[in-house]
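Asks: A single structure is presented below for examination.
The values are calculated or read from the model by the stated rules, or taken from the named source; none is laboratory data. The model shown is predicted, which means the values in this text are computed figures rather than measured ones. Neighbour counts run over all protein chains shown; Cβ positions are idealised from the backbone, glycine included.
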């Protein structure tokens, strides 16, 4: 069985994850260079706002993406209808892209981040509810 929806979502998230990861590395190097020691921000959080925002934008994606991919993949394997599941997957991807944009925007737009998180939550709970009905 080809998991077209799950695969498409994984690709969309990878396209987002790669530049976020590179951006964290760039910000760590920038902070290290400013401190005169390249490894000054190599580990953990740092008080630099741009670095912290980059770390959290990337980290937040990495926290939510695997679980959503599992839920959507299980729903797809369980026979969830195509258009509904496409909507859920694309909503999740949009929520993650919007969240990253909001986290890296200055000044920080909390309402935009809120919309992104609500979209993320909804697109994770929907396949969970669907899967729970398949158990009954």
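Asks: Among the residues of region 91-125, how many are in a helix (DSSP H, G or I) and either touching a strand residue (DSSP E or B) at 6+ places or on another chain (Cβ under 7 Å) or free of Cβ contacts under 8 Å to residues at least 40 places away in the same chain (or both)?
Replies: Final tally of qualifying residues: 19.
Asks: Being over 21 Å from residue 8 (Cα atoms) and touching a helix residue (DSSP H, G or I) at 6+ places or on another chain (Cβ under 7 Å) is the filter here, so list the residues in region 74-107 that pass it. Before the answer, list the steps.
Replies: Residues of region 74-107 that are over 21 Å from residue 8 (Cα atoms), as a first pass: 102-107.
Correct list: 102, 103, 104.
Asks: To continue, here is another question. Please go through region 79-90 and pick out each residue that is farther than 18 Å from residue 17 by Cβ and either surrounded by fewer than 17 Cβ atoms within 10 Å (Cβ to Cβ) or in contact (Cβ under 8 Å) with a residue 60 or more places away in the chain (or both).
Replies: Of everything in region 79-90, those that are farther than 18 Å from residue 17 by Cβ and either surrounded by fewer than 17 Cβ atoms within 10 Å (Cβ to Cβ) or in contact (Cβ under 8 Å) with a residue 60 or more places away in the chain (or both) turn out to be 79, 81, 82, 83, 84, 85, 86, 87.
A quick yes/no check of all residues on (1) out of contact with any strand residue (DSSP E or B) (no Cβ under 9 Å at 6 or more places or on another chain); (2) crowded, with 20+ Cβ neighbours inside 10 Å; (3) at pLDDT below 95; (4) not in a helix (DSSP H, G or I):
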site	(1), (2), (3), (4)
7	yes, no, no, no
11	yes, no, no, no
17	yes, no, no, no
30	yes, no, yes, no
34	yes, no, yes, no
38	yes, no, yes, yes
55	yes, yes, yes, no
61	yes, yes, no, no
